[in-house]
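Written out below as structure tokens is the structure these notes cover.
Here, each number is a calculation from the coordinates, and none is a lab measurement. Every value quoted in this text rests on a predicted model; they were computed, and no experiment measured them. A quick note on method: Cβ atoms are made from the backbone with ideal geometry, for glycine too, and the neighbour counts reach across all protein chains shown.
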Amino acid sequence: MAGTPFQQLVRGRRSIRRYLPQPVEREKILTCLEAARLAPSAENAQTWRFVVIDDPELKARFAKAAFSGIYAQTKFAAEAPVLILILAKLDFLANRLGRQVQKVPFFMIDIGIAGEHIVLQAEELGLGTCWIGWFSIRKARKVLKIPRKYKIVSLLTLGYYEKKPSREQKRKPLEEIAWFNQCEH
């Protein structure tokens, strides 16, 4: 792979769905969370919050509830040693007012940046991740007793991967997705 170390990191990152049963060291989890903490956010609101689930018994209860019924296709996530539930604590200016005026939920951009900081930091540490949006938010809230002041946004798996997919992901060519000084007509 050519390019800078960062480009190599980004090119090598894959969504991981099979994990070794090996626990992830707390220090590595904290390093990933620190990367997220340093992410930029609208009006520096820092709306992200993270619930790390690494206790096997709690993770099993969470997975049984959150990945059941129509969400069963994401039950692979139960095998990850760590689940990170990503929450948003919305503030008035950057989120509610911004959404009304600009029609953009800025907190979702902020959450995406912070979550991707976790993903890239994990990759650098030799850990795999997978973004998950398909799970029962209602049951996740109930199992973890998440107060209503937090909006559950997403979930990340985290762990040592069994085998990293080697194939390059198909991506659209740059000229199809980016233009200089005008939009494609």
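Which one, Ile84, Ala66, Ala35, projects farthest toward the positive side of the charge dipole computed for the chain from Cβ point charges (K/R +1, D/E -1)?
Ala66
Treating the beta-carbon of each Lys and Arg as +1 and of each Asp and Glu as -1, no other charges, what is the dipole magnitude of the range 17-159 about its Cα centre, to the nearest 20 debye?
980 debye
Please identify every one of the GluC sites (Glu not before Pro) in the range 1-68 that sits in a loop by DSSP and has no more than 15 other beta carbons within 10 Å of its own beta carbon.
Of the GluC sites (Glu not before Pro), the ones in loops of the range 1-68 whose Cβ has at most 15 other Cβ atoms within 10 Å are Glu25.
With θ set to phi - 60°, apply the Karplus curve 6.51 cos²θ - 1.76 cosθ + 1.60 along the range 59-67 and write out the HN-Hα couplings as whole Hz, x wherever there is a Gly or Pro.
Values per residue, Gly and Pro as x: 4, 5, 5, 4, 4, 4, 7, 6, 10 Hz.
Can you give the FRET efficiency for Asp55 and Arg148, using 1/(1 + (r/R0)^6), R0 = 22 Å, r = Cβ-Cβ distance, to the nearest 0.05?
Efficiency at R0 = 22 Å is approximately 0.40.
What fraction of the DSSP beta bridges in the chain is antiparallel, stated in percent and rounded to the nearest 5?
95 percent
Take the Cα atoms of the range 1-53, find their three principal axes, and give me the spread along each one in whole Å, biggest first.
Projected onto the principal axes, the Cα atoms of the range 1-53 cover 37, 33, 20 Å.
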